1. Run down 37, 21 and say which single residue is among the polar types (S, T, N, Q) and touching a residue at least 24 places away in the same chain (Cβ under 8 Å).
2. Can you name the residue in the stretch 8-54 that is among the acidic types (Asp, Glu) and not in a loop (DSSP other than H, G, I, E, B) and, of all such residues, is surrounded by the most Cβ atoms within 10 Å (Cβ to Cβ)?
3. May I ask you to list the residues in the stretch 1-48 that are charged (D, E, K, R) and in contact with a strand residue (DSSP E or B) (Cβ under 7 Å, 6 or more places away or on another chain)?
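Every number in this text was worked out from the coordinates using simple rules, so none of it is lab data. On a predicted model such as this, the values are computed, not experimentally measured, just so you know. Note: ideal-geometry Cβ built from the backbone for every residue, glycine included; neighbour counts use all protein chains shown.
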Amino acid sequence: MWIMARPWRIQYEGAIYHIMSRGVGRGKIFLTNEDYSKFLEYVEKAREKFGLDIFAFVLMSNHVLC
């Protein structure tokens with residue numbers, strides 16, 4: 001079964017978004033400590049590139065919430 005992504009959200013300056021990503025079939029997306037570290041590097045690069053303010057986040061073995 002394939003689930004379609006939700007429609008694009010309306011974007012505007014100063015908007016606050018809740019972001020979630022989950023593994024396929026709720027499976028693991030982080031298998032090692034290095035996976036977590038690499039993901040955090042990607043988040044930092046995106047934060048710098050797009051000027052994001054990240055108020056909170058959580059990394060779990062099978063999903064990410066921001």
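1. Of 37, 21, the one residue that is among the polar types (S, T, N, Q) and touching a residue at least 24 places away in the same chain (Cβ under 8 Å) is 21.
2. Within the stretch 8-54, the first condition is being among the acidic types (Asp, Glu), and the residues that meet it are 13, 34-35, 41, 44, 48, 53.
Adding the requirement that they be not in a loop (DSSP other than H, G, I, E, B) leaves 34-35, 41, 44, 48.
Values: 34: 9, 35: 14, 41: 10, 44: 12, 48: 9.
Ranking the candidates gives 35 first.
3. The answer is 22, and nothing else.
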